[in-house]
1. Kindly write out, for region 92-100 in residue order, the coupling ³J(HN,Hα) from the Karplus curve 6.51 cos²θ - 1.76 cosθ + 1.60 (θ = phi - 60°), rounded to whole Hz, with x marking Gly and Pro.
2. Rounded if a/c is under 1.5, else prolate if a/b beats b/c, else oblate: with a ≥ b ≥ c from the C-alpha gyration tensor eigenvalues square-rooted, which is region 1-54?
3. Using +1 at the C-beta of Lys and Arg and -1 at the C-beta of Asp and Glu, which of LEU57, ALA24, SER81 has the Cα lying farthest in the positive direction of the dipole of region 1-152?
4. Which trypsin sites (Lys or Arg not before Pro) from region 51-109 combine a DSSP loop assignment with at most 14 other Cβ atoms within 10 Å?
5. Keeping the other protein chains in place, figure out the carbon and sulfur percent of the accessible area of region 91-227, with a 1.4 Å probe.
6. Once you charge only the Cβ atoms, +1 for Lys and Arg and -1 for Asp and Glu, what is the size of the charge dipole of the chain about its Cα centre, to the nearest 20 debye?
7. Rounded if a/c is under 1.5, else prolate if a/b is larger than b/c, else oblate: which is region 93-229, with a ≥ b ≥ c the root eigenvalues of its Cα gyration tensor?
8. What accessible area per residue comes out for region 1-62, rounded to a whole number of Å², with a 1.4 Å probe?
Amino acid sequence: MNFRALRDVNDAIIACTLCPRLRAHCRRIAREKKREFRAWEYWGKPVPGFGDAGARLLIVGLAPAAHGANRTGRMFTGDSSGNWLYEALHRFEFANQAEAVSRDDGLVLRDCYVAAAARCAPPANKLSRAELERCRPYLAGELRLLAGVRVVVTLGRVAHESWLRTAGWWRALGPRGRPRFAHGAVTPLPDGMTLISSYHPSRQNTNTGRLTRAMWHAVFRDARAILAG
């Protein structure tokens with residue numbers, strides 16, 4: 001897909017119907033809702049990227065949460081993962097506030113853009129390889145248009161591998177040279193970009209202590225230091 005601007009990418013994402021299983025799931029969630037969000041009108045569509053078009057920091061997540069971004073229509077907004085992400089971005093001066101609750105809450109990202117491997121909330125948080133491949137052109141379009149990106153933070157193994165494939169490093173570096181996923185791993189790439197991999201701030205990771213605040217903050221401290229250096 002030959003996108004001329006991020007707005008074109010976002011429009012194409014919102015209108016996408018390539019994955020019937022995912023679209024049916026998102027529509028069902030939007031219709032049935034969660035009791036605590038009964039008064040909300042759910043977004044229920046594929047979720048576009050969000051942030052600063054001149055960003056030097058790119059965050060790549062997995063997919064919208066069923067009652068998070070699938071409800072609010074903005075990446076990492078309205079759920080616990082988003083609370084972790086935007087608190088850290090605010091702490092390290094990539095965001096003007098630490099909370100993200102809705103599309104009109106005043107949140108502004110500075111020098112940062114948030115994208116994902118997939119743009120629809122998947123059942124049981126499981127995506128098929130075909131679904132990831134169908135969604136890849138949107139991330140590819142963002143990568144091409146976000147020409148200023150110097151640091152990429154991937155959240156979870158799937159997002160890590162999806163970004164490597166989309167950016168062309170999966171094939172270019174081969175099995176021996178491509179960066180392996182490990183929390184906090186910092187990998188300089190041949191083009192001068194730096195890849196930082198992190199555990200995803202899901203409840204499964206944060207509630208069990210697999211990902212602590214100190215570990216999480218270290219990722220963004222590294223990103224800020226690299227950009228400053």
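The values are calculated or read from the model by the stated rules, or taken from the named source; none is laboratory data. Computed from a predicted model, the values in this text were never measured in an experiment. So basically every Cβ, Gly included, is an ideal-geometry build from the backbone, and we count neighbours across all protein chains shown. Just so you know, the surface numbers come from the protein's heavy atoms only, side chains and all, with ligands and any DNA or RNA stripped out. Shrake-Rupley method; radii C 1.70, N 1.55, O 1.52, S 1.80 Å.
1. Going residue by residue, I get 9, 6, 9, 9, 7, 8, 8, 10, 9 Hz, with x marking Gly and Pro.
2. It comes out oblate by the Cα gyration axes.
3. My answer, from the dipole projection, is ALA24.
4. Here the trypsin sites (Lys or Arg not before Pro) that fit, given the DSSP loop and packing criteria, are ARG103.
5. Ligands and nucleic acids excluded, carbon and sulfur give 48 percent.
6. Using only the charged Cβ atoms, the result is roughly 800 debye.
7. rounded
8. 59
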